1. Helix 72-84 versus the longest principal axis of the chain: what is the Cα-based angle in degrees, 0 to 90, to the nearest 10?
2. Measure out, as a whole number of angstrom, how far apart the alpha-carbon centroids of the stretch 168-201 and the stretch 53-83 sit.
3. Residue separation times 0.36 nm, minus the C-alpha to C-alpha distance between residue 97 and residue 29: what's the value?
4. How would the stretch 153-206 be classified by its alpha-carbon gyration tensor: rounded, prolate or oblate, with rounded meaning a/c under 1.5 and the a/b versus b/c comparison settling the rest?
5. Give the separation of the Cα centroids, the stretch 140-155 to the stretch 30-46, in Å.
6. How much length, in nm to one decimal, is gained on full extension between residue 107 and residue 180, taken as 0.36 nm per residue of separation minus their Cα-Cα distance?
7. Tell me, in nm to one decimal, what length is gained between residue 199 and residue 120 on full extension, where the rule is 0.36 nm per residue of separation less the Cα-Cα distance?
8. Let me have the 222 nm mean residue ellipticity of the chain computed from DSSP H runs of 4+ only, each contributing -39500 (n - 2.57), with the sum over all residues rounded to the nearest 500.
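Quick note: the coordinates plus some simple rules give every number you see, no bench work behind them. What you see is a predicted model; the values in this text were computed from it and never measured.
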Ligand SMILES: CC(C)(COP(=O)(O)OP(=O)(O)OC[C@H]1O[C@@H](n2cnc3c(N)ncnc32)[C@H](O)[C@@H]1OP(=O)(O)O)[C@@H](O)C(=O)NCCC(=O)NCCS
């Protein structure tokens, strides 16, 4: 019998790519290999640099964006990739240990990592990351290419616009809006709306 399972290519060769490859295997999905500046470990065959991405359409594979997002530079790299892959070629990946409300919506290219919790009515946008152990409670909106880092906690009704980083262990009070491209530092506690393209840190975050 031929194997009709969809096959995947990971873009990236570092830690985040390895985390995604592991989740992919745990989902019993097939990894064809990876693209990146160098050959990474545990990512299947090395298929070339990012410029080979245009061949992916011909490989009948789905693309996982395995680039990490820790600052504005890495945010922009991810954004560039997101804009260059058709949404129907982007793989959506949810680690088997994540807990998703049946009413949550996870858009194309998004990754929900191990132990993350996505609450009732929450939407995780195109290419967004909800990383290991993060909690995004009910009725939140996580924008496109936004990264909710490890162990961050968002209370109900929080809106995080596109291209934001919510740092590891940060806490966001209910109903807050975080503007496009903002960075919330690791460990910050956000109790007021955050304007676009600013970095806030501390408790309370300023
Ligand atoms: C906020 C952040 C973006 C700042 O990075 P940066 O611009 O490189 O800043 P620096 O490390 O040079 O620090 C600048 C100042 O901010 C302070 N600072 C940095 N991070 C801070 C934080 N999380 N909370 C409080 N203060 C912080 C530093 O102590 C330093 O203060 P000083 O000038 O008085 O010495 C970064 O520290 C951060 O928290 N990033 C999130 C990391 C993360 O969650 N990664 C996800 C992995 S899954």
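1. It works out to around 50 degrees.
2. Each part reduced to its Cα centre gives a spacing of 25 Å.
3. Working: separation 68, 0.36 × 68 = 24.48 nm, distance 1.53 nm.
So the chain would gain 22.9 nm between residue 97 and residue 29.
4. Since a/c stays below 1.5, the shape of the stretch 153-206 is classed as rounded.
5. 27 Å
6. 24.5 nm
7. So the chain would gain 25.6 nm between residue 199 and residue 120.
8. Value at 222 nm, helices only, nearest 500: -4000 deg cm²/dmol.
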